[in-house]
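Let me begin by presenting the structure, written as structure tokens, before commenting on it.
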Amino acid sequence: MSFTIDCRDKSTREINRRMREAIAEGHQRIEVLEPDARHNLGVALLSPVHVVFSGSVGYYCGGMMDGAHLEVRGSAGWGAAESMLNGTLMIDGNAGSGAAASIRGGTVVIRGDAAARAGVSMKGGTLLIGGSCGYMAGFMMQKGRIVVCGDAGDALADSMYEGVVFVGGQIAGLGNDTVVEEPNAEDRAWLDELLATHRVQGPTSFRKVVSGRKLWNFDRKELEVWKAAF
Amino acid sequence: MCGIVGFLDKRERADFPLGRTLLDMMRPMACRGPDSAGVALFGGGGEEKLRLRLPVEIGRTALSDALHEEGLMLMQSHPGGVYDARLVAEMEATDLEERLRRRWPDGEILCLGERIDAFKQVGSPDELEAAYAIAARTGTHGIGHTRMSTESRVDLSHSQPFWAHGLPDVATVHNGHITNYHKLRRRFEQDGYRFFTDNDSEIIGVYLRDRLAAGRSLEGAMRSSLDDFDGSFCYLVATKDQLGFVKDRYGFKPLMLAETEDFVALATEEIALRRALGHDFSASEPPPGTMKLWSIHADNEENTQ
């Protein structure tokens with residue numbers, strides 16, 4: 001049986017405290033009703049609990065969490081799952097800027113569109129976007145995978161160190177030091193499984209964006225590359 | 001950090017409870033801007049009226065006589081030296097402003113136009129409601145602001161919305177910093193524009209007025225501001241029949257947009273949309289470097305990215 005928290009007339013602190021109390025009491029599933037786009041819900045959850053938010057959430061939902069499974073039946077504001085270590089955050093609607101920023105592991109699924117700076121500085125994990133993403137997605141990412149089923153905005157994966165970005169639709173503009181490749185058989189199998197697992201309708205094919213590795217080490221002979229990167 | 005909200009009713013209903021809607025959107029934004037709150041409502045129409053702030057409270061008879069000499073009829077007094085008046089004869093807004101400046105150098109017109117009705121003061125949206133009973137007011141569209149001051153004084157004058165001095169029925173609200181404000185202000189002052197505050201947000205109205213005077217459309221002026229303003233900004237513009245937003249090219253400041261068959265709603269945070277308008281619509285963040293303008297007349301949508 002699931003534990004229910006009605007957010008009406010409760011402060012964010014009270015809601016998060018009740019969530020923790022319910023987890024301590026051994027509840028495996030928590031329903032959070034009427035979240036009304038409040039900020040900081042489900043931050044730093046460290047147990048494999050299943051939390052369902054019945055509506056939109058505000059900033060930093062699921063931020064810094066480790067191992068929880070969160071579902072949002074609406075949209076998310078800025079910084080969804082920011083710095084998450086592990087777990088999953090499923091967003092039915094759209095996500096604001098900085099979704100999955102700096103995550104180290106786990107999976108973030110956005111069924112709608114992501115705004116600017118999705119998956120910046122990712123250090124692991126997977127970000128799956130069913131729709132399109134705004135500009136500067138994957139900026140300076142260091143590890144992990146971003147999958148964009150729709151179109152990608154300008155400066156995609158600018159100055160990425162490592163990791164990979166798959167894009168199904170148009171790319172408005174590639175960031176500095178990026179290279180476009182064809183996905184290999186292993187990539188395709190992984191993409192098929194990811195889309196099937198999360199029941200996301202993907203495009204017929206993807207392009208793969210990886211680091212050109214020219215900005216890894218400074219070389220006087222490549223001064224022009226560095227100048228252009230600023 | 002400030003909170004901005006905007007709402008446009010597409011159904012053109014004369015009795016739409018615009019005041020309540022904007023107030024419900026502003027209340028959850030109060031924590032983003034505890035210093036002051038304000039709204040600009042657009043409704044009714046027919047006769048030019050203005051709201052005036054004077055530096056000192058003047059006796060009603062003396063004020064009535066003084067305003068009469070300037071071609072105005074005193075309609076109502078509010079606390080804090082704020083007065084409503086009606087234009088008796090047709091007059092250019094800039095001429096009127098100049099005449100009033102000569103009489104009361106520290107006074108200012110808070111809003112002027114046929115349809116605009118702006119209320120602002122230091123304090124929260126609840127305090128604004130207590131002073132001006134916003135919730136009972138109707139209209140077709142409007143904007144609201146909750147302010148956290150970072151650069152300039154906290155007083156009524158520095159609160160938002162800002163009327164675009166000289167342009168009847170045009171007002172703006174802004175979240176962010178226009179970092180080339182001083183440079184732009186110097187240039188505009190050399191061109192003869194007068195500034196009433198030290199708030200960088202005031203530059204938006206002056207800029208739009210200058211561009212319109214140069215023959216640009218409002219849409220064109222809003223679009224060129226994306227290049228001409230530096231810094232972080234999301235701002236909303238409302239005219240007698242339009243509502244629009246501009247979002248800086250880096251997306252430094254948040255803005256959520258929800259558009260349905262019935263309305264257009266804009267707010268810094270989604271919580272403002274949900275609290276005021278419920279859950280039967282989706283909301284998303286417009287991309288950085290974009291603008292859009294809607295008209296209350298559905299067949300006349302000016303739609304741009």
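Coordinate-derived values only; no laboratory data. A quick note: this is a predicted structure, and the numbers were derived from the prediction, not measured. So basically every Cβ, Gly included, is an ideal-geometry build from the backbone, and we count neighbours across all protein chains shown.
Seen against the Cα atoms of chain B and their longest principal axis, helix B:181-190 is set at about 40 degrees. Angle of helix A:12-24 to the longest C-alpha principal axis of chain A, folded into 0 to 90 degrees and rounded to 10: 80°. Computed from Cα positions, the angle between helix B:202-213 and the longest principal axis of chain B comes to roughly 90 degrees.
What list of whole percents do you get for P(r) of segment A:94-228, with Cα-Cα distances grouped in 5 Å bins up to the one holding the largest distance? Calculated over all Cα pairs of segment A:94-228, the distribution is 2, 12, 23, 24, 20, 10, 5, 3, 1, 0 percent.
Tell me, rounded to the nearest percent, the portion of alpha carbon pairs in the protein assembly as shown spaced more than 38 Å apart. Summing the P(r) of the protein assembly as shown above 38 Å gives 34 percent of all pairs.
With K and R counted +1 and D and E -1, the other residues having a Cβ less than 10 Å from that of residue B:74 yield a net charge of 0. Working value for segment B:1-145: equivalent-ellipsoid semi-axes of 28, 18, 12 Å, each the square root of 5 times a Cα gyration tensor eigenvalue, largest first.
Reducing segment A:127-175 and segment B:176-215 to their Cα centroids gives an inter-centroid distance of 38 Å. For the pair residue B:214 and residue B:194, a Förster radius of 22 Å applied to the C-beta separation gives a FRET efficiency near 0.75, rounded to the nearest 0.05. Fewest-first ordering of A:216, B:104 by other beta carbons within 10 Å of each residue's beta carbon gives A:216, B:104.
Of the two radii for segment B:226-305, the radius of gyration is 0.96 times the Kirkwood radius, both from the alpha carbons; that is the Rg over Rh value. Per residue of peptide B:245-254, the mean number of Cβ atoms on other chains within 10 Å of the residue Cβ is 3. Taking a cut-off of 25 Å, what percent of all Cα-Cα pairs in chain A are separated by more than that? Of all Cα-Cα pairs in chain A, 39 percent lie more than 25 Å apart.
Once you sort the root eigenvalues of the Cα gyration tensor of segment B:47-113 as a ≥ b ≥ c, which label holds: rounded (a/c under 1.5), prolate (a/b larger than b/c) or oblate (the other case)? It comes out rounded by the Cα gyration axes. Around residue A:125, what is the net charge, scoring Lys/Arg as +1 and Asp/Glu as -1 over all other residues with Cβ under 11 Å from its Cβ? Around residue A:125, the charge tally is +4. Taken along the Cα-to-beta-carbon direction at a fixed 7 Å, the label points for residue A:187 and residue B:249 span 3.0 nm. The packing ranking of peptides B:31-38, B:86-93, B:155-162, highest mean first, is B:155-162, B:31-38, B:86-93, where packing means the average number of other beta carbon atoms within 10 angstrom of each residue. Charge tally for residue B:17 (other residues, Cβ to Cβ under 12 Å; Lys, Arg +1; Asp, Glu -1): 0. In segment B:143-291, the C-alpha radius of gyration followed by the widest Cα-Cα span (Dmax) gives 15.2, 50 angstrom.
Sorting B:265-274, A:40-49 by their mean Cβ neighbour count within 10 Å, with the most densely packed peptide first, gives B:265-274, A:40-49.
Computed over chain B, the Cα gyration tensor eigenvalues convert (square root of 5λ each) into semi-axes of 28, 22, 19 Å, ordered from largest to smallest.
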